[in-house]
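Single-structure report; data block below.
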Amino acid sequence: MADAIKALFVSLMGSMRDLTPIIVVIAFFQIIVLQQPIPDLIGLILGVILVLFGLTFFIFGLEMGLFPIGESMAHAFAQKGSVVWLLIFAFALGFGTTVAEPALIAVAAESATIAAEGGVIPNNIDSMGNYATGLRLTVALSVGLAILIGVLRILKGWPIQYLIIGGYIGVMVMTPLAPEYIIGIAYDSGGVTTSTITVPLVTALGVGLASSIKGRNPMVDGFGLIALASLTPIVFVMGYGMLI
């Protein structure tokens, strides 16, 4: 119990250290550059406190729960020796974590609203809902496929740079062909997919799997899944825009 409290306190201090530069920058520009009082100072202080504790508990929870379970499942699949089930798990993990990403949900909803206002889709609730859902599922499928390919890369020992280079060649080829309105959304989708839920589990999966396979280096082979997960949504979303 004492160790847990100590670890929580260390996480709190780390979160405070990480938030301090942001607070300093905002205060400097608000007071020195703009020379205006900070609006709703009490609400701002309360918000910073909530963010501080929220970030602390989030990071502490990752270190306590998500990272260990991701690594333990990777070890278990490696020991079981079932490549098919491992690839199925990798795809399901990528799909499930992405479709639940809060950032992706927000971007998909905003994209649907803008698409409706711009006349790309009918301006009604059903059409916007279908557009947002289709966008989320497209991104989730692309991330699931990316994690599957990334796990296969770890198993086979493929150099990651060739996969990344090939992916970006695909992005450059598709960009002139895709509708102009979808390009920005596609590029942003690559960023919002690798957020609070996806990154911890996928990173733990890669590191745990590379640690469990003889001849694999966790530093060399365990990382890179997030890069693939950021790349594939760009291609898939541009394809989604071309189809609809």
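The values are calculated or read from the model by the stated rules, or taken from the named source; none is laboratory data. Everything numeric in this text was worked out from a predicted model, so none of it was measured. Glycine gets a Cβ as well: all are built from the backbone with ideal geometry, and neighbour counts include every protein chain shown. The accessibility values were calculated without ligands, DNA or RNA, using every heavy atom of the protein model including side chains. Shrake-Rupley method; radii C 1.70, N 1.55, O 1.52, S 1.80 Å.
Inter-part distance, the range 83-136 to the range 189-244, computed on C-alpha centroids, equals 17 Å. In terms of overall dimensions, the C-alpha atoms belonging to the range 100-198 reach 49, 31, 17 Å along their principal axes, ordered largest to smallest.
Of the three principal axes defined by the Cα atoms of the chain, the extents in descending order read 60, 59, 32 Å. How high is the FRET efficiency from N217 to I45, r the C-beta distance, R0 45 Å, rounded to 0.05? It comes to 0.45.
Here the alpha carbons of the range 1-138 define both size measures, Rg and Dmax, at 21.9, 64 Å.
Rolling a 1.4 Å probe over the protein heavy atoms leaves S72 with an accessible area of roughly 60 Å². Each principal axis of the Cα cloud of the range 194-244 was taken in turn, and the coordinate range along them, longest first, works out to 45, 23, 12 Å. Counting only protein heavy atoms and a probe of 1.4 Å, the accessible surface of the range 74-120 is 70% carbon and sulfur. Compared with the alpha-carbon gap, the fully stretched path from N124 to K156 is longer by 6.7 nm at 0.36 nm per residue.
Counting helices only, and only those DSSP H runs with n ≥ 4, report the 222 nm mean residue ellipticity of the chain as the sum of -39,500 (n - 2.57) divided by its residues, in deg cm²/dmol to the nearest 500. Can you show the working numbers first?
Numbers: 11 runs with 193 residues, N = 244.
Calculated mean residue ellipticity at 222 nm is -26500 deg cm²/dmol.
Karplus-derived 3J(HN,Hα) values for the range 56-61, using 6.51 cos²θ - 1.76 cosθ + 1.60 with θ = phi - 60°, are 4, 5, 5, 5, 4, x Hz; glycine and proline are entered as x.
Figure legend: label point modelled 7 angstrom from the Cα of R17 along Cα→Cβ; residues of the range 29-64 with amide N under 20 Å from it are 49, 51-64.
Evaluated at q = 0.12, 0.23, 0.24, 0.26 Å⁻¹, the base-10 log of the normalised Debye intensity for the range 1-65, with identical point scatterers placed on the Cα atoms, takes the values -0.40, -0.95, -0.99, -1.09.
Computed extension length for L8-I114: 34.0 nm, one decimal, from 0.36 nm per residue of separation with the Cα-Cα distance subtracted.
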